[in-house]
1. Which one, Ala128, Asn84, Ser40, projects farthest toward the positive side of the charge dipole computed for the range 28-184 from Cβ point charges (K/R +1, D/E -1)?
2. Once the Cα gyration tensor of the range 51-112 is diagonalised, what are the square roots of 5 times its eigenvalues, in whole Å and ordered largest first, as equivalent ellipsoid semi-axes?
3. Please arrange Tyr162, Tyr152 by counting, for each residue, the other beta carbons lying within 10 Å of its beta carbon, fewest first.
4. Which whole-number percentage describes the relative contact order of the range 28-184, with Cα contacts under 8 Å and a sequence gap of 6 or more?
5. Can you tell me what percent of all Cα-Cα pairs in the range 28-184 are more than 26 Å apart?
6. Can you sort Cys155, Cys42 from fewest to most other Cβ atoms within 10 Å of each residue's own Cβ?
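Read-outs: derived from the displayed coordinates by stated rules, not from any lab. Model, not experiment: these values are computed from the prediction. Because the Cβ atoms are built from the backbone with ideal geometry, glycine has one as well, and the counts that use them run over all protein chains shown.
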Amino acid sequence: MWRFAFPLLMLGALFVLVPFISKPAVPVEAEAGYRLSSPSECLDVDALRSRSKNRPLRLASEADLVFLRGASLSELVGSVLGGNERQRRLAGSLLGISGHPDGIRALIHAFEREEDPRSLAALAMALAETRRTDALEALIDAIRDREGLAAYEACRALRKIYRLNLGLDADAWDRWLAATKATRD
């Protein structure tokens, strides 16, 4: 029985895994609405890494840091939008702590369409670390509109960065955001 079942299981696994493994990278130009203000700008990776609590960036190897150190802003945004899973996490972490407006837009776009659990967690944490209103609104929208892992990761990132546990209640997070905006203004 296993002589016939095992090859069929392996063949089925190939049909499921091959589309995920061979997903082509999406160039930045192909994404609608992305006009980078300074695409050749490079970020100071070491300074940003030293002030971050972002786990993927803190645990990055030297080989990963070489990729990040040499990457321009357009390459980082391209990695977030269509790179492999490791590049998406690291580039997302770096763009999140940089607070660059082009990077924040790319993070929001990537978070809204991401399905990989590890990348989803890293993107949510990167958005929460930005402490910018548009990024926080995207996380709160994920709590309200998306189900499952995306809502959970958005809530977890907000809870970890702001040390406030409002659960999966998007209205409570909206009230909190409105109150913090009022105190900042």
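1. Checking the options against the dipole of the range 28-184, the answer is Ala128.
2. 16, 13, 11
3. Least to most surrounded, the residues fall as Tyr162, Tyr152.
4. Numbers: 191 pairs, mean separation 25.9, N = 157.
Relative contact order of the range 28-184: 16 percent.
5. Percentage above 26 Å: 22.
6. Arranged by neighbour count, lowest to highest, Cys155, Cys42 become Cys42, Cys155.
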